[in-house]
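None of the figures in this text is laboratory data; all of them are computed from the coordinates on show. For clarity, every value in this text was computed on a predicted model and none was experimentally measured. Please note: Cβ atoms are built from the backbone with ideal geometry, for glycine as well, and neighbour counts cover all protein chains shown.
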Amino acid sequence: MLSALFHVRRGVCMKFLGMIQDRLKSISHTWIRFPMVFILLCVIAVYATISVQTSSDHSREIYALIIGVFLSAAMTFSFEKRPKPVMWIIISQAVVLAAAAAYYFLVLGNYSGSVKDILRVVILCFALLLVCLSVPCLRWKTDFNDFFMTSFKAFFTTAFFIAIIWGGISLVLSAVDMLLFSLDENVFIYVAIWIWIFFAPMLLLSLIPVFGGTQEDKEKEEHLAKIPGFFRALLSYVLIPLTALYTLVLLAYLVKTFAGGDPGDLLLPLILAFCIDIIILYILVSKIENKISSLFRMIAPKLMLLIALYQVVNLIIKIPGEGIVYGRYFVILFGIFSVAAGVLMSVLPVKKNVIIAIVLIGFALVSVTPPVDAFTISTSSQLGILDRVLTSNNMLKDGAIVSNKNLSGTDQGIITDAMQYLYDVKETDKVPGISEKFEIYNDFENTFGFSPYYEAVYVEPQWYSIDPAAPVDIAAYDYMVTTYGSSYGSNGNNVIAAAVTDKGIKYDVAVVTKGEEILIEIRDPNGNVLLTASENDLIDRITEDSTISQKEQLSPELLTFDVEGTGVSMRLIFQNASKQYNGTEIYYDANMMLLLRFD
């Protein structure tokens, strides 16, 4: 019996090792199949590593290379299995390099890091991804639904295995760092870069079959396209019913908006998610033949068409008064696509779903192609609204802006919103009388005559400071550190404010800023957080205390807070603290004394 058990275990181990060997072999073949993708991903990982190591910004280079990766994959699918393959590889990949270089110098030549630069890259990559999904279907007559299922499974399989590999390596490195010797503080980031940016895409591509290949390739293609029984049940008996419930909620809210006069603004993200869900689910269940999936394919496209059409009309009606920004442009464009997709899904057989992908490619390219792209249209719209308000208030004269502090709150809000949008997309220089160096927070009032106007309620700044003549009790503590924490323009900061050595052990005092949240952390030599205090929460406790009023100076007791951690105690004393609201965001700012005691 033991011998039989041993042979079973040995068989399982051999099978597992065989699977790993086959996957590594497949990945090595993928490097040959996608040579330029391999090279470009390697270069991207190198740039990302250099950016972390030197704190330099290589976003422009990385974005151009990412475009190259997706274009190279699309080219490979397009020219794979052609006669004279070496010649086609050289020509197609030379085109990829030329296109990536052209994008780098021409499109990203004036790169400013604005949202439009990032969105343009994301949309182009999305369009190229759809090209990768469509080309095998058009060239090799592969069923689009099968290839979509293959790619869907490949994505989640890759995410699962890469997460395990990354987690395992990170645990090993953590053990080395804690038990053997200290590692570079960025080593975990380097590992993540090379695993997720370089290795993960190659693993994903290794799960994509070769089209138009040998009989073995065709059998592999059919095997990868099969829907697992568990996933089939999940789609039919879980996801479709949940989508049906979601649809009923949307329809109920639509009735509420019509009956109650509600403008339905909350529907914007809900309908967007609904349309995406319907389209993806429709493709995934296209090969499942049961009553639930058949009813879904028959009813869901029509409902999506009607709901998307409602949203498109609702948004277009608002354009004359509110104008259009790139977010609204994309929602309207995707709504129009959803209407078109609803029509196509209602009249075409499921085997023609590739047409939906082709239509979406067209919409995506339109959204980034001047002069009808999202940013040109939205900029023109906001400039038109701004010009209309300035002209109606006699604030334009000889190509310059004449300040006027007596505008109505409505006009101030329109001007503020338009200028804020133009400032975010780096287009304020197109406004008459506005220079390229215009800073909205410094120059707005001098230019227009009033402070930026927001409909949100303005809260008076709250300031507190300690009485410098009052003594501070430090008897129970061993060390004192002074530090500063502010949420003004410091999102994502992780600053080591001081280092304290106690009994030969070095502890770091860090100030971490995450959006509006400011955290004071005490860390041990391994980076473990022993104590955390939220500056925001402590300042809020001061402002919410009705017994404390804003005075010139407060006693130390009113500005003192004790925080206990693991093996460390801290007394935080605010020397001065403030909480301000600019109409859209709350900012916290404080100088602090930290008294520390290690157990």
Could you tell me the distance between the Cα centroids of the stretch 297-312 and the stretch 26-53, to the nearest Å? 42
Normalised Cα Rg of the stretch 229-369, dividing by 2.2 N^0.38 Å with N its residue count, works out at 1.10
So which lysines pass the test for residue 397, namely a Cα distance under 17 Å, with those fewer than 8 places away in the same chain ruled out? 405, 430
Hey, rough spin-label estimate for residue 98 and residue 164, points 7 angstrom out along Cα→Cβ, what's it come to in nanometres? 4.5
Overall form of the stretch 375-448 per C-alpha gyration tensor (a/c, 1.5; a/b vs b/c): rounded
Using only the alpha-carbon atoms of the stretch 520-599, report the extent along each of the three principal axes, biggest first, to the nearest angstrom. 40, 31, 18
Over all pairs of different Cα atoms in the stretch 462-598, the reciprocal of the mean inverse distance gives a Kirkwood radius in Å of 15.4
If the chain between residue 394 and residue 346 were fully extended at 0.36 nm per residue, the gain over the current Cα-Cα distance would be 11.9 nm
Taking the dipole about the Cα centre of the stretch 25-225, with the C-beta of Lys and Arg at +1 and of Asp and Glu at -1, give me whichever of 45, 167, 96 is farthest to the positive side. 96
I'm a student and want to see the number: the projected area of the Cα convex hull of the stretch 312-382, averaged over all directions, in nm². 4.9
Rg [Å, one decimal], Dmax [Å, integer] - the stretch 202-303, C-alpha atoms: 18.6, 63
Output the Kirkwood hydrodynamic radius of the stretch 110-161, Cα pairs only, in Å rounded to one decimal. 13.0
Using a simple spin-label model with points 7 Å from Cα along the Cα→Cβ vector, what separation in nm is obtained for residue 114 and residue 191? 4.1
Cα-based shape type of the stretch 152-199, given that a ≥ b ≥ c are square roots of the gyration tensor eigenvalues and the cut on a/c is 1.5: oblate
What is the Cα convex hull volume of the stretch 25-225 when expressed per residue in Å³? 136
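I'd like to know how the chain sits against the 2.2 N^0.38 Å rule of thumb: what's its Cα Rg over that expected value?
Output field value: 1.20.
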Label-reachable residues, the stretch 585-599, where backbone N falls under 15 Å from a point 7 Å from residue 524's Cα toward its Cβ: 598-599
Filtered trypsin sites (Lys or Arg not before Pro), the stretch 164-231: DSSP coil and at most 14 other beta carbons within 10 Å: 226
Roughly speaking, what is the stretch gain from residue 408 to residue 184, that is 0.36 nm per residue apart minus the C-alpha to C-alpha distance, in nm to one decimal? 74.9 nm
Set 116/256; 226/291; 256/318; 81/226, cut-off 31 Å on Cα-Cα distance; pairs above it are 116/256
